[in-house]
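Participant: Dumping the structure here so I can ask a few things about it.
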Amino acid sequence: MVIDCCPAEAFDTCLHFMRQEPLNYARIYLADTLPPGVRRVIYLDSDVVVVDDIRTLASVGLGGHVVGAPQYCHPNFTNYFTDAFWSDPALNGTFHGRRPCYFNTGVMVMDVGKWRAGGSTRRVEQWMEVQKQTRIYHLGSLPPFLLVLAGDIQAVDHRWNQHGLGGDNVKGRCRGLHPGPISLLHWSGKGKPWIRLDARRPCSVDYLWAPYDLFRPSSPVLEE
């Protein structure tokens, strides 16, 4: 993930351009950049804090799947794709035989060997090429991942992605922690803790980020 520094007053416009940054797509090419001997890798976005033993996540069984990640089947999956996609059976037929569910690509365990063997990089790229011709999904690197893998991943315990902590720093909405055990905190969403901390307008969950902020002032003054 690109570490953004978007001002709140222009966040939507800034976010639009940030999602097109090449580094947002780097995760697609992990298998191509890692040495051949690497068989498994954990990908984590830059806006996470791990509060548990990462070896537990590294050792989860993938059940023959390419990727393992916490998945969520209650969000409205259709929102990630355009009407042009859902109205064309040649496109939406890719989900035939699968029960596609949302998963956040900011926390993934990947079987690198299976990714390579299945040509997953090329499959993701093919959907990106379709997007260039016809807008079939909304901006970001997540939708092409969903097109290839949604409904065909190994579900991982939700404790490994306490996501959505970024909330929305445009409208001032903050989000609290979800109930249940926590192994990884993830500030996915529009708001980023380093921006809110710098602006002295943090959400309560941002205090959990503050000790790990490499650019924090020596004597921070935080306000609710």
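Computed from the coordinates by the stated procedures, all read-outs in this text should not be read as laboratory data. Only a predicted model underlies this, so the values are computations on that prediction, with no experimental measurement involved. Cβ: placed from backbone, ideal geometry, glycine included. Neighbour counts: every protein chain shown.
Participant: Efficiency by 1/(1 + (r/R0)^6): what FRET value for Ser87 and Val38, r their Cβ-Cβ distance, R0 = 45 Å, to the nearest 0.05?
Facilitator: Computed FRET efficiency for Ser87 and Val38 comes out at 0.65.
Participant: Sorted from largest down, what three extents in whole angstroms do the Cα atoms of the range 44-196 have along their principal axes?
Facilitator: That gives 42, 39, 24 Å along the principal axes, largest extent first.
Participant: Moving on to the next point. May I ask you to evaluate 6.51 cos²θ - 1.76 cosθ + 1.60, the Karplus curve with θ = phi - 60°, for each residue of the range 31-44 and list the ³J(HN,Hα) values in order in whole Hz, giving x for glycine and proline?
Facilitator: 5, 8, 9, 7, x, x, x, 6, 9, 8, 9, 9, 9, 10
Participant: In straight Cα distance, which lysines are under 29 Å from Lys190, not counting same-chain residues fewer than 8 positions off?
Facilitator: Lys132, Lys171
Participant: Here's a follow-up. Run through every distinct alpha carbon pair of the range 105-157 and return the Kirkwood hydrodynamic radius in angstroms, one decimal place.
Facilitator: Computed over Cα pairs of the range 105-157, the Kirkwood hydrodynamic radius comes out at 12.1 Å.
Participant: With charges only on Cβ, +1 for K and R and -1 for D and E, what is the dipole size of the range 48-202 about its Cα centre, in debye, rounded to 20?
Facilitator: The calculation lands at about 440 debye.
Participant: Output wanted: per-residue J couplings in Hz (rounded whole) for the range 207-215, from phi through Karplus 6.51 cos²θ - 1.76 cosθ + 1.60, θ = phi - 60°, x for Gly and Pro.
Facilitator: With the stated coefficients, the range 207-215 comes to 5, 6, 7, 3, x, 9, 6, 5, 10 Hz.
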